[in-house]
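Following: one structure in structure tokens, then a few remarks.
Rule-based calculations on the coordinates, nothing more; no lab input. Predicted model, so just to flag it, every value in this text is computed and none were measured. Positions of Cβ are backbone-derived with ideal geometry, glycine not excepted, and every protein chain shown enters the neighbour counts.
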Amino acid sequence: MDRRKALQKTGLFAGATFLMPSMLSLFESCKSENRLDWKPLFFTDVEANTIASLVDKILPRTDTPGALDVKSDIFIDTVIAKSYDKAGQEHMRADIAAFNENCSSKYGDVFYNLSDDDKTAVLNEAEKSSGKFGKGVWGTGVGPQEEIGFYRSMKSMAIWAYMTSEEIGKNVLNYDPVPGEYEPCKPLSEVGNKWSLG
């Protein structure tokens, strides 16, 4: 699928979930982190490398920046460190360990040490076996929700971090810091990219 089309399809989900001011401040704190001297707040080195490799495989750099370019992994670490309770953090550690154990048993090593082809195979398997997000209306779930699991949860978080980054908001999505006139009957074909939330 074309990268820009994929971004357009996921933009609505990201916009609906990123309305909490506390999350805005978390994302702002990640912008100033220099990747060379970044020390995770929550992740161990193995966990940080796993998440960095995972988000890079989900959203690699193409004609647009990748997840690592906009520091999605740093954002995820910050969210887990500052907003998850102890049980949630322990659950995340167990999920990352189980994910790496699965990679080691099937492919011989932890995720970030695998070849690109093996990483693709891992994600294809995870995509098939993971629960899907249920239908929702304006960010509220409607009906029963399947168990999402680690992969789908991390993919959602990576897309959320990516779509709400300043770089993507200003340079990939449409961005208008001072909205203009109201056009109620504009054809969808003329709208172009999804709109950034600013």
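Return the distance in nm (one decimal) between the two label points of a simple spin-label model at ASP45 and THR62, each offset 7 Å from Cα along Cα→Cβ.
Result: 3.4 nm between the two label points.
Apply the Karplus curve 6.51 cos²θ - 1.76 cosθ + 1.60, θ = phi - 60°, to the phi angles in region 38-54 and return the couplings in whole Hz, x for Gly and Pro.
6, 10, x, 7, 10, 5, 6, 4, 5, 5, 4, 5, 5, 5, 4, 5, 5
Going by how many other Cβ atoms sit within 10 Å of their own, how do CYS185, CYS103 line up, fewest first? Mind dumping the intermediate values first?
Working: CYS185 4, CYS103 21.
With the sparsest Cβ surroundings first, the list reads CYS185, CYS103.
Would you grab the residues whose amide H sits under 5 Å from the one on GLY136? Only those 5+ places off in sequence or on another chain, please, with H modelled 1.01 Å from N.
VAL142
Kindly flag which residue pairs out of LYS86/LYS119; LYS57/LYS132; LYS39/LYS132; LYS39/LYS119 have an alpha-carbon separation exceeding 23 Å in this structure. Please report the intermediate quantities before stating the final value.
Working: LYS86/LYS119 30 Å; LYS57/LYS132 19 Å; LYS39/LYS132 33 Å; LYS39/LYS119 25 Å.
From the list (LYS86/LYS119; LYS57/LYS132; LYS39/LYS132; LYS39/LYS119), the Cα-Cα distance tops 23 Å for LYS86/LYS119; LYS39/LYS132; LYS39/LYS119.
Testing the spin-label approximation: label points 7 Å from Cα along Cα→Cβ at ASP95 and CYS185. State their distance in nm.
For ASP95 paired with CYS185, the spin-label model returns 4.7 nm.
Let me check I've understood the local charge: for GLY134, count other residues with C-beta under 12 angstrom from its C-beta, Lys and Arg +1, Asp and Glu -1. What total comes out? Intermediate results must be reported in sequence, preceding the final value.
Details: positive: LYS132, LYS135, ARG152; negative: GLU146, GLU147.
Around GLY134, the surrounding residues sum to +1.
Just to be sure I understand the model, the point goes 7 Å from the Cα along the line to the Cβ. What's the resulting GLU166 to LYS86 distance in nm?
For the pair GLU166/LYS86, the computed spacing is 3.7 nm.
For LYS128, go through the aspartates and glutamates and keep the ones whose alpha-carbon is under 18 Å away, minus same-chain ones fewer than eight residues off.
ASP95, ASP117, ASP118, GLU146, GLU147
Using a 10 Å cut-off on Cβ atoms, rank the peptides 152-163, 120-131, 61-72, 90-101 from the highest mean neighbour count down. Working shown, then result.
Numbers: 152-163: 21.9, 120-131: 13.7, 61-72: 18.6, 90-101: 15.6.
Per-residue Cβ counts within 10 Å, averaged per peptide and sorted highest first, yield 152-163, 61-72, 90-101, 120-131.
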